[in-house]
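To start, the structure under review is shown below, and the notes come after it.
The values are calculated or read from the model by the stated rules, or taken from the named source; none is laboratory data. None of these values were measured; they are calculated from a predicted model. Backbone-built Cβ (ideal geometry, glycine too); neighbour counts: all protein chains shown.
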Amino acid sequence: MATKEDSILTTALHSEVENRFLTYALSTIVSRSLPDVRDGLKPVHRRILFAMWEMGLGPTSRFRKSAAVVGEVLGKFHPHGDQAAYDAMVRMAQDFSLRYPLVEGSGNFGSLDGDPAAAMRYTEARLSQLAEELLVEIEKETVGFRPNYDNSLKEPVVLPARFPQLLVNGTSGIAVGMSCSFPPHNIGEVIDGLAAMIDNSSIDLKDILKLIKGPDFPTSGQILNSKKELKDIYQTGSGAIRVRGEYTVEDLTRGRQAIVFTSIPYQVNKAKVLERIIGLMEDKKLPQVTAVRDESTDVIRLVLELKAETNPELVTAYLFKHTDLENSFAVNFTALKPNMEPERLSLKEIMRYFLDFRLEITTKRLNYDLRLLKARLHILKAFEMLYDDLDTAIKLIRKSKSREEAGVKIKKHFKFDDEQTGAILEMQLYKLAGLEIDRILKEKAEKTKLRKDIEAILGSQKKIWTLIKAELLDIKAKYGDKRKSVMKAAEDVEFSQEDFVVHEDVTMILTKMGWVRRVKTVGENLRFKEGDDLLSLIPANTRDNIAIFSSAGKVYVIKAFDLPSGSGFGEPVQHLFKFGDGERPIMAMNLTTVLAAPEEIDPAGGKQPALALTGGTVIALSISTHGVGFKFDLSQFNSVTTRAGKKFAGVKAGDSIMGVDILDLPLVLFLTNEGKAVVVAAKDIPQLTGAGKGVKLVNVKKGEIALFRDVRKGEQVKVVDEKGKEKVIDLKNYGVMTRGSVGLKAVKAVKFV
């Protein structure tokens, strides 16, 4: 006798987890997330359509409450959340989600602005006319059925689709370890491609793409991909479709114009696009636009009013770059093959699988029709024999005591089988009239001819393909329409970012703790958090490039316009750039002003413009707290870099960059926090072209570099300590020293401002 312990199975935890996860993954892939390549549907959509078919909700029936449909789906076929099932049905009813909706909805089914559909108790639905083409052959034993989740009913494994739903309406889904994304296409173009493949099974992809020009989105739009790009996408089943909204330019009063967008990219929220444009205007990043409004009704109409003498092409180029008015649709042709294996397919493979499926369905349908015809002809033959000897039949029936006895006598006399005998006994009396035999003979002749036609088709592969092609072309004639998306590989308009920045004088404020902001006037704005203090105060124009140097030897460049504005403390530099742990700003400068070429040079004295002494370049000095430094060319950083910044100096472990400044004068004075001064000739400091560590300029034994600046020989330099006490250093008392000198005592060992 087995004990409870005997039934316990011991297994490795990692093996059990692996097996169970693989089971879950396979279930998700097959039963939820990926479409079948044959009917292009995922299980939830297939079940919704089949449930509506079973409820009699055809395109000519009355609408039924969506709640009734969802209840039918959940109760019989799809044991999941009601909202998930309703959302799936809603999407099939949205003409902006599906190129050819499969559900006809009555009520609020959402909008392009992201508005949700009304609750299922308020909306009504029925199948669209095109959806009927997915189901119409299901009664003819064309597809297999499997038990539903509780084994109480049967549901179709696949629908006998009469058109390539996967390509026509597309779909998307995320499984475990894989996903799919199919764009919609024009039904007429797809059917033309299928017809061409029927005529030539080895047709080349480039010839197919002459017929199927590319995706056709329900929200229209302009597709920018080149023919080569599209060919690569359809060949590999992977890539991205670039789509942008279409627009026109309308003339307004007083020489002004308006840009009117008449379409937006597929799956883009129109309200969020409008919100983004308004945000750009509020941030003064779109100064050419004076007003924006949504005038959309059944058609999209986004209006942007422009200032006079504004180039609309530049504005649209900016919008395409900074908003979702230009977007990419990811293509991933991963689907379940007929054997339920997921695979990424090419366009030709998808079309081939569908045509093979249509061959299978059409053959099964013809065989089903043929069986019915043969059964009917069998009965009609009995009727014909009966009328040839009607009197005998009547006598046999009248002399019989029961229906069973009459049946036995008629079966024996006329040599009928059970089906024929049953049909004779069920015959109504009026059919014994003389004229009925003519109708029976006519029906027999028609069905005999139809049987021969079907047998001829089934006996010839060529005739079956001819029938399949004719039926596909009928679908095209019935549902085909003009392409909505325009295929046009447009050239991108070149524009400067500065064209969209308002000219305005501002001041950048950077604090020692790394808070940064821009203000129009300093005044009361020069306030800081407790314990913080000013590091740099930089006058600038909104279009200027501002460089922020850090203790880690990095420089971060940003447009003054992109600095946070307002009357607060601003934002930490870590929000604008990717600062590392312990990294802090050490100084900032206006690169645009610094690198500007001087119009004239004042030889009479005073500090000359930087470019005057450097032959067209601006040289800066980097010095670390341990006295290691070098010269470098500032002009290499005069561009807006990434948030990660750019390295300008290498820093040894335990050291950090103390400061950076421009070198215009022949000497450099270094002052340590021990109060020692070192004077080095600028020409003796090496200039590096890359992010090097430099050389020892000051021998700092225990302290650190506190201050430095470029000076002239014999100059007097005033320094102020943190207590406000001033000290004048007379450079007449200090000669030019060699690199790495310890220096001479100049002031007391204190902190300096």
| Filter result for the condition that a residue is over 30 Å from Lys578 (Cβ atoms), crowded, with 19+ Cβ neighbours inside 10 Å, of a type in the set (D, E, K, R) and touching a strand residue (DSSP E or B) at 6+ places or on another chain (Cβ under 7 Å), over Lys676, Lys713, Lys727 | Lys676
| task | Among the residues of segment 358-398, count how many are over 30 Å from Gln461 (Cβ atoms) and either at pLDDT 80 or above or assigned to a helix (DSSP H, G or I) (or both). | result | 19
| message | Scan segment 723-735 and tell me whether some residue there is modelled with pLDDT of 90 or more, assigned by TED's automatic domain parsing to the domain that holds Ser624, in contact with a Leu (Cβ under 8 Å, 6 or more places away or on another chain) and among the β-branched types (Val, Ile, Thr). | response | no
| field | Failed criterion for Ser238 (all others in (1) of a type in the set (Gly, Ala, Ser); (2) at pLDDT 95 or above; (3) farther than 30 Å from Lys348 by Cα hold) | value | (3)
| query | Does segment 38-47 contain at least one residue that is modelled with pLDDT under 80, under 21 Å from Phe354 (Cα atoms) and in a helix (DSSP H, G or I)? | reply | no
| query | Taking segment 302-357, which residues are part of a helix (DSSP H, G or I) and under 18 Å from the mean Cα position of the chain (by Cα)? | reply | Leu319, Phe320, Lys321, His322
| query | Out of (1) in contact with a Ser or Thr (Cβ under 6 Å, 6 or more places away or on another chain); (2) modelled with pLDDT of 95 or more, the odd one out for Cys180 is which? | reply | (2)
| message | If a residue counts only when it is at pLDDT below 85, which helices (runs of 4 or more DSSP H) contained entirely in segment 551-619 have at least 1 such residues? | response | 610-614
| message | For the structure I just gave you, tell me whether Met120 is farther than 30 Å from Tyr353 by Cβ, outside the structural domain of Gln267 (by TED's automatic domain parsing) and in contact (Cβ under 8 Å) with a residue 40 or more places away in the chain. | response | yes
| query | For the subset of segment 704-744 comprising residues that are of a type in the set (Gly, Ala, Ser) and more than 56 Å from the chain's Cα centre (by Cα), which member is nearest to Glu674 (Cα to Cα)? | reply | Gly743
| Hey, does segment 362-385 have a residue that's within 30 Å of Asn339 (Cα to Cα) and aromatic (Phe, Trp, Tyr)? | yes
| Listing of strands (runs of 3 or more DSSP E) fully contained in segment 139-208 that carry 2 or more residues being closer than 25 Å to Lys348 by Cβ | 171-174, 179-182
| task | Select from segment 54-110 the residues that are outside any loop (DSSP other than H, G, I, E, B) and either of a type in the set (Lys, Arg) or in the same structural domain as Lys270 (by TED's automatic domain parsing) (or both) and list them in ascending order. | result | Arg64, Lys65, Lys76, Arg91
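The rows are residues; the columns are (1) in the same structural domain as Pro287 (by TED's automatic domain parsing); (2) touching a strand residue (DSSP E or B) at 6+ places or on another chain (Cβ under 8 Å); (3) closer than 30 Å to Gly654 by Cα.
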position	(1), (2), (3)
Val506	no, yes, no
Trp515	no, yes, yes
Leu534	no, yes, yes
Asp544	no, yes, no
Ile558	no, yes, yes
Asp562	no, no, no
Ser565	no, yes, no
| query | Picking from Gly654, Gly690, Gly703, Gly659, which residue would you name as being part of a loop (DSSP other than H, G, I, E, B), closer than 18 Å to Lys631 by Cβ and not assigned by TED's automatic domain parsing to the domain that holds Ile538? | reply | Gly690
| Residue list for segment 635-651, filter: outside any loop (DSSP other than H, G, I, E, B) and over 13 Å from Leu591 (Cβ atoms) | Lys647
| query | Given Asp192, Asp199, Asp216, Asp207, which one is among the acidic types (Asp, Glu) and in contact with a Pro (Cβ under 9 Å, 6 or more places away or on another chain)? | reply | Asp216
